[in-house]
Amino acid sequence: MAEPPTQCPICDSPHISRAPLTGDRETIGCGQCSHYEISRNALRKLETADQPKKKKLFQWIFDHQAIGESPVINTQNLDVIFSRPPKSFSETVENFLIELDKKTGEFGEWFPRSEQRLVQASGTFDREAYQYLIKYLQDASLISIHPDHTGSRIALSPLGLEKVEKIKAINPESLQAFVAMWFSNELDSAWKEGFKKGIAAAGYRAVRIDQKEHANKICDEIIAEIRRSRFVVADFTGQRGGVYYEGGFASGLGLSVINTCRKDHMVNLHFDIRQYNCIDWEKEAELCHRLQARIEAVIGEGPLK
């Protein structure tokens, strides 16, 4: 049995509280990571995890809390979290500015730079990396440092507020639906006869990142395409870590996410997706019909219909 941690198993902070739960889970409260539930088997697995993997988990906790979910860590979703691509620097900047904006009641309001949610939004528990981010934001004129010379308080600058407004703007006129899915030959027919046709029948244009010409980093291009989209379809067949990441990112932006999964893969669907109404499909024609109906019910008919 894993020894009870005396410090946070994710960020190594010594300032933690622990409360056992029913079964093999417990709740850990950390000054940096906040509160999360974790199984004993996941605690054992974290003992051998390196810093990059722990930072992905740190970011995952923030992402879940940002959309109102309580983080529950077990060995199954830990593998998915560890396989996620790291967040790009531009995404980290945007997350931080959005979090600072949430705390801003009126223009010019100041906040402690060490505030827990701001540290979490930075995606790192490394002090030097956090200071580097603050310095970058200041140099880019996106935040202001309080003139008391202690540097302990920060605020959004006018330029920062303008950037946040652009980040938060969801294009209601977009004709695009971003499809996050497993890029396997096994799903070629599902893409052509199910997803693409169903989205087109609802009046929108389906986009899959591997079929789009671009010269950018794949992670940055995915983020850009999600931002350009009216909604996202996330298919969890194959349990790809990238699909969980892209669906969560879209949800954090406020975009509607329609979840799907082939019926024979539903048993592997993780608990944090299973709680939502997921289209469980078997045949491509069924997928096409049910996806069209769901899009029209949730989003409405598109202008291309």
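Please verify whether region 88-109 includes one or more residues that are farther than 20 Å from VAL164 by Cα and either touching a His at 6+ places or on another chain (Cβ under 8 Å) or not polar (S, T, N, Q) (or both).
No, region 88-109 contains no residue that is farther than 20 Å from VAL164 by Cα and either touching a His at 6+ places or on another chain (Cβ under 8 Å) or not polar (S, T, N, Q) (or both).
What about PHE111, is it among the aromatic types (Phe, Trp, Tyr) and either assigned by TED's automatic domain parsing to the domain that holds GLY242 or buried (at least 21 other Cβ atoms within 10 Å of the Cβ) (or both)?
So PHE111 does not fit the description; no.
Of all residues in region 126-185, which are among the polar types (S, T, N, Q), under 30 Å from ARG208 (Cβ atoms) and either touching a Lys or Arg at 6+ places or on another chain (Cβ under 8 Å) or touching a residue at least 24 places away in the same chain (Cβ under 8 Å) (or both)?
Answer for region 126-185, where residues must be among the polar types (S, T, N, Q), under 30 Å from ARG208 (Cβ atoms) and either touching a Lys or Arg at 6+ places or on another chain (Cβ under 8 Å) or touching a residue at least 24 places away in the same chain (Cβ under 8 Å) (or both): ASN171, SER174, GLN176, SER184.
Residues of region 67-99 being modelled with pLDDT under 85, of a type in the set (A, V, I, L, M) and part of a helix (DSSP H, G or I), which ones?
VAL80, ILE81, listed by residue number.
So that you can scan it fast, the table gives a plain yes or no per residue for (1) in a strand (DSSP E or B); (2) at pLDDT below 95; (3) in contact with a Pro (Cβ under 7 Å, 6 or more places away or on another chain); (4) surrounded by fewer than 19 Cβ atoms within 10 Å (Cβ to Cβ):
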| position | (1), (2), (3), (4) |
| --- | --- |
| VAL179 | yes, no, no, no |
| PHE183 | no, yes, no, yes |
| GLU193 | no, no, no, yes |
| LYS197 | no, no, no, no |
| ASP210 | no, yes, no, yes |
| HIS214 | no, yes, no, yes |
| CYS219 | no, yes, yes, yes |
| ALA224 | no, yes, no, yes |
| VAL232 | yes, no, no, no |
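Restricting the search to region 28-64, which residues are touching a Gly at 6+ places or on another chain (Cβ under 9 Å) and surrounded by fewer than 16 Cβ atoms within 10 Å (Cβ to Cβ)?
HIS35
The values are calculated or read from the model by the stated rules, or taken from the named source; none is laboratory data. This structure is a prediction, so every number in the text was calculated from the model and none was measured. Reconstructed Cβ throughout: ideal geometry from the backbone, glycine too, with neighbour counts over all protein chains shown.
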